[in-house]
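The structure appears below as structure tokens.
Read-outs throughout are calculated quantities, based only on the coordinates presented, and are distinct from any laboratory measurement. Computed from a prediction, not measured in an experiment: that's the story for all the values here. As a convention, Cβ positions derive from the backbone with ideal geometry for all residues, glycine included, and neighbour counts pool all protein chains shown.
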Amino acid sequence: MNQPLPNSLQAYWMPFTANRQFKAAPRMVVGAKDMHYRTDDGRQLLDGTAGLWCCNAGHARPRIVEAIQKQAAELDYAPAFQMGHPKAFTLAARLARIMPGELNHAFFTNSGSESVETALKIALAYHRIRGEGGRVRLIGREKGYHGTNFGGMSVGGITANRKMFGALVAGVDHLRHTHGDPRNRFVRGLPEHGAEFADDLERLCQLHDPSTIAAVIVEPVQGSAGVIVPPRGYLERLRAICDRHGILLIFDEVITGFGRMGTPFAIDWFGIEPDMVTLAKGITNGVIPMGVVMVKSAIHDAFMQGPPQTIEFFHGYTYSANPMACAAALGTLDTYEEESLLTRGAELADYWADAAHALKGLPHVIDIRTIGLIAAIELEPLPSKPSSRAFEAYLKCFEAGLLVRTTADIVALSPPLIIERRQIDQLFEILTKVLKTIV
Ligand SMILES: Cc1ncc(COP(=O)(O)O)c(C=O)c1O
């Protein structure tokens with residue numbers, strides 16, 4: 001059934017959107033179920049992006065819907081400070097169980113951005129508590145995306161997200177990104193060239209002195225910048241350099257977490273254990289805002305000292321571990337578990353990669369990258385109008401019944417983990433047809 005459009009679109013200032021262009025020709029969705037969105041004109045849209053990399057179990061899943069409905073009637077809100085409710089503890093324990101290694105403590109937030117701010121603050125405070133208050137520097141990476149708050153924006157490396165906002169947080173430096181080596185084009189999984197970029201961290205240690213560096217934060221696979229897969233051995237080198245110099249390593253798994261790589265988390269895929277992991281999105285299947293920082297026991301325990309009546313960490317949010325979000329997360333974890341979704345991507349990864357790499361040779365396609373249930377199709381930019389080719393593809397896909405996501409001239413794909421093979425075929429058939437029409 002068609003739904004009436006609002007009378008005016010003017011009041012809503014839309015995020016990361018060309019507002020005037022959108023409002024001149026709006027694209028509205030009014031419903032969603034499993035692998036599809038429904039548009040206001042009644043069309044089905046195959047979800048090639050799990051919403052914004054978050055609806056990993058697909059849409060309107062019964063367990064999650066039921067959990068939220070029940071929770072709203074039972075306990076809608078509970079103060080987050082000096083007070084608890086059982087589902088917060090249950091959820092933390094359950095996350096600790098599915099995280100590998102020593103990542104046993106959960107600090108709840110409401111988004112990926114807040115998870116990043118929280119992790120950076122934990123890193124600084126941790127060193128200070130241990131008498132290493134001189135460790136004040138934070139290291140990020142070019143092309144990194146860690147949300148839009150001040151800390152995340154500062155360690156992030158996407159120019160457009162940074163340039164308008166002043167001097168950002170002081171004491172931040174960046175590793176170079178690993179994108180663009182022509183030898184790494186059209187690769188499935190990890191590219192072979194570029195592990196030595198990790199040695200940038202050693203150089204920054206020489207420049208600043210390691211005793212001034214608190215933490216390094218990277219996405220195991222860079223998502224928002226257009227799916228940049230780390231070179232083989234790169235993350236291992238980063239871990240080794242951090243260990244050598246007492247620097248904390250934070251993996252931002254806001255998009256790689258919860259099954260996207262074909263393993264529960266990217267750290268399972270790579271077999272590397274960072275000191276903290278930032279999560280959001282898939283934790284509630286995108287249904288209710290929630291994020292979390294998973295913290296190693298040794299870091300958590302360092303805070304649990306001094307008189308027991310003192311607050312150990314002066315940080316938190318009104319909606320940390322909000323009951324509705326906790327219920328949604330528990331319903332989501334049930335769904336992931338019952339349908340083995342956190343590892344389903346591994347079964348589909350070859351089929352997915354075959355389908356994606358079959359687009360090689362289409363007009364303007366200069367690279368294809370795949371890992372887990374992620375793909376990037378990179379197009380040659382029009383010199384006079386960068387990003388216009390990918391955006392044209394986005395609009396045409398939308399018209400043809402497929403939701404994709406684009407950054408610059410890269411089409412990124414990350415469907416719900418419930419996708420069937422025939423839907424993978426359909427997705428790439430639509431995209432192929434569209435790419436053949438791009439000028
Ligand atoms: C790696 C990473 N970190 C942080 C964020 C920010 O998350 P949010 O939009 O929930 O604040 C994102 C969002 O895409 C992300 O991809």
For this session: For K360, list the lysines whose Cα falls under 25 Å from its own Cα; do not include residues on the same chain fewer than 8 positions away.
Result: K143, K385, K396, K433, K436
Exercise. Anyone know which of A32, A67, A160 comes out most mobile in the 10 Å Cα GNM of the chain?
Worked result: A160
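What's the Kirkwood radius of the range 36-177 in Å, using all Cα pairs? Let's see the in-between values first.
Details: mean 1/r = 0.0531 Å⁻¹.
Here the Kirkwood hydrodynamic radius works out to 18.8 Å.
If each residue of separation counts as 0.36 nm, what is the full-extension length gain between Y351 and E312 once their alpha-carbon separation is subtracted?
Details: separation 39, 0.36 × 39 = 14.04 nm, distance 4.87 nm.
Contour length minus Cα-Cα distance gives 9.2 nm.
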Seminar exercise, completed: Of A25, A195, A325, the most mobile residue in a GNM of the chain (C-alpha springs, cutoff 10 Å) is A25
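What is the extension gain from D181 to F303, computed as 0.36 nm multiplied by their sequence separation minus the C-alpha to C-alpha distance, in nm to one decimal? Can you show the working numbers first?
Working: separation 122, 0.36 × 122 = 43.92 nm, distance 4.30 nm.
Result: 39.6 nm gained on full extension.
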Exercise. Taking +1 at the Cβ of each Lys and Arg and -1 at the Cβ of each Asp and Glu, which of T212, L91, Q69 sits farthest along the dipole of the range 65-338 towards its positive end, judged by Cα position relative to the Cα centre?
Worked result: T212
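Given the chain, report the % of alpha carbon pairs whose separation exceeds 33 Å.
On the way: 33105 of 96141 pairs.
Of the Cα pairs, 34 percent sit more than 33 Å apart.
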Exercise. Once the Cβ-Cβ distance between K121 and V29 is put in as r, and R0 is 30 Å, what FRET efficiency do you end up with, to the nearest 0.05?
Worked result: 0.25
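Can you give the extra length, in nm with one decimal, that the chain gains between D76 and D425 once fully stretched, where that is 0.36 nm per residue apart less the Cα-Cα distance? Kindly include the intermediate steps, with their values, before the conclusion.
Details: separation 349, 0.36 × 349 = 125.64 nm, distance 4.21 nm.
121.4 nm is the gain from fully extending D76 to D425.
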Problem set entry | Residue-averaged [θ]222 nm for the chain, counting only DSSP H segments that reach four residues, each worth -39500 (n - 2.57) | -10500 deg cm²/dmol
Exercise. What residue among T318, P289, P191 has its Cα farthest toward the positive end of the dipole of the range 65-338, where the charges are +1 on Lys, Arg and -1 on Asp, Glu, each on the Cβ?
Worked result: P191
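What per residue convex hull volume, in Å³, comes out for the range 233-340 when only alpha-carbon positions are used?
Numbers: hull volume 13.5 nm³, N = 108.
Cα convex hull per residue, to the nearest whole number: 125 Å³.
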